[in-house]
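Peer 1: Before I ask anything, let me first share the structure, which is written out below as structure tokens.
The numbers here are math on the coordinates, done by the rules we state, and not lab data. Every value quoted in this text rests on a predicted model; they were computed, and no experiment measured them. Cβ sites come from the backbone with ideal geometry, for glycine too, and all protein chains shown count toward neighbours.
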Protein chains: 2
Amino acid sequence: MSASKRDELVQKALKAFYRDGFHALGMDALAKETGVSKTAIYKHFRTKEELILATLRLRDEQFRNWMIRRVEALADSPRGRLLAVFDVLAEWFAEPEYRSCMFIKASSEYQDRTHPIHGVAAEHKKLLLAYFEKLAGEAGAKAPKRLAGQILLLKEGAIVLAHLHDPDAIVADARAAAEDLLKAAGV
Amino acid sequence: MSASKRDELVQKALKAFYRDGFHALGMDALAKETGVSKTAIYKHFRTKEELILATLRLRDEQFRNWMIRRVEALADSPRGRLLAVFDVLAEWFAEPEYRSCMFIKASSEYQDRTHPIHGVAAEHKKLLLAYFEKLAGEAGAKAPKRLAGQILLLKEGAIVLAHLHDPDAIVADARAAAEDLLKAAGV
DNA sequence: AATCTCCGATACTGATCGGTAAATGTAGAA
DNA sequence: TTCTACATTTACCGATCAGTATCGGAGATT
């Protein structure tokens, strides 16, 4: 299998795991869906867990790239970008395939904090937090770390609730909250 | 099986599903753990899904009762109670068995919005939202619905992140954010 | 005491789980 | 053309999945 075939497999597996869940999707079904036989899959990934880790690493890269690019396309100022986070979330929630956050789901199914999958999920959120912290610092917030943490709290809450309730109402509340928090942080 | 035996089974199943996840825990393992044979379980629940629904309904009742009682024990005023929500969360996060929210996990594993399990999860969050809205109204907030939604956002975000990062830091950020949002709502 | 009734434990169903051994196909080199 | 080497498919492994048929044994009825 060529490197590009492998990437294609991981990309398709990503979609399938996101749609069905990690335990719910078996390797036979995955092979059928991707068109890659199980033997060929296991040539490149020693276990199902390793394949899942590869999909999560791809998702981390894709999601953060997408979010940051969209945020920077929507606003120029650091303050504007902190608020644009919620406009980008609104775009995401509006996708018909939206099904919450893959990392939240991963950490739900692999709950042990020492589990590698749990660790990748935690790391993904840390990297987003670091981005928010950079924006908060540039915006001149009194306590950039705290503001970044609060934006992340709103973002994660919105992701969970948009999956359960009305996404538009959720994101409106979250954005309004972010505005209040920015003001409170002197931004 | 007596009614109390049935309750005991649901209680034990609740613990087990919360610990292991819904797909990950099989009925054989559940029977062994609860000490109730599969036949006896299926006498009272036609399918695994029905048992899961029963555990979620019990969890909903137990969790909301517990949270409301603790909130009302910690503070007298509506404003104090809205903030006390985060002190109660801190208590929860400190439990060694803490593993995020059972309803978030349920909606992760059963993602289809038309699925009964997904519906029970959505309903649980709606009931908590209604409680927050009542407190926000009593506290004299300008827009009680919005404030309640924002408190819920912070709560859900905190639940998710406390499972991934440091719970103490998360809950501190969430509580500080809630204070700012209360002030912005004129409370 | 003898019989009846019904609950639950044992043991099983076919399907599917993650993972692999063996067989087949296919390409290039000699 | 024939051999080699590798990639891929088919068929399989024991274990476990959700769910059930069977049968023994305890309690109630006569």
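Peer 1: Give me A:Thr47, B:Thr114 sorted ascending by neighbouring Cβ count inside 10 Å, so fewest comes first.
Peer 2: Fewest to most other Cβ atoms nearby, the residues stand as B:Thr114, A:Thr47.
Peer 1: Next up: At a threshold of 8 angstrom on Cα-Cα distance, excluding pairs fewer than six apart, so keeping six or more, what relative contact order does chain A reach in percent?
Peer 2: 21
Peer 1: Moving to a separate point now. Going Cα to Cα from A:Lys32, which lysines come in below 30 Å? Please leave out same-chain ones fewer than 8 positions away.
Peer 2: Hits, sequence-local ones excluded: A:Lys5, A:Lys12, A:Lys15, A:Lys43, A:Lys48, A:Lys105, B:Lys48, B:Lys105.
Peer 1: By its C-alpha gyration tensor, with a ≥ b ≥ c as the square roots of the eigenvalues, how is region A:1-75 shaped: rounded for a/c under 1.5, else prolate for a/b larger than b/c, else oblate?
Peer 2: The shape class here is prolate.
Peer 1: Once chain B is represented by equal point scatterers at the alpha-carbon sites, with solvent omitted, what log10 I(q)/I(0) does the Debye formula produce at q = 0.13, 0.18 Å⁻¹?
Peer 2: So the normalised log intensities are -0.72, -1.17.
Peer 1: Do you know the relative contact order of region A:115-187, to the nearest whole percent, from alpha carbon pairs under 8 angstrom that are 6+ apart?
Peer 2: So the answer I get is 31 percent.
Peer 1: Taking square-rooted eigenvalues a ≥ b ≥ c of the alpha carbon gyration tensor, is region B:89-171 rounded, prolate or oblate, where a/c under 1.5 means rounded and, failing that, a/b exceeding b/c means prolate?
Peer 2: oblate
Peer 1: Shifting gears a bit: Checking the a/c ratio against 1.5 first, then a/b against b/c, what shape does the Cα gyration tensor give for region A:50-126?
Peer 2: It comes out prolate by the Cα gyration axes.
Peer 1: Taking a label point 7 Å out from Cα toward Cβ, give me the nm distances from B:Leu58 to the same spot in the other copies, shortest first, one decimal.
Peer 2: Sorted ascending, the copy-to-copy spacings read 4.1 nm.
Peer 1: Also: Sort shortest first the distances from A:Asp112 to its counterpart in every other copy, using label points 7 Å along the Cα-to-beta-carbon line, and give them in nm.
Peer 2: Nearest to farthest, the other copies are at 3.2 nm.
Peer 1: Tell me the chymotrypsin sites (Phe, Trp or Tyr not before Pro) within region B:93-187 that lie in a loop according to DSSP and have at most 12 other beta-carbon atoms within 10 Å.
Peer 2: Sites meeting the loop and neighbour criteria: none at all.
Peer 1: If you take every residue apart from B:Glu179 with its C-beta less than 15 Å away from the C-beta of B:Glu179, what net charge results, scoring Lys and Arg +1 and Asp and Glu -1?
Peer 2: Around B:Glu179, the surrounding residues sum to +4.
Peer 1: Can I ask one more? Provide, as a two-decimal number, the C-alpha radius of gyration of the protein assembly as shown over 2.2 N^0.38 Å, N being how many residues it has.
Peer 2: That works out to 1.02 for the protein assembly as shown.
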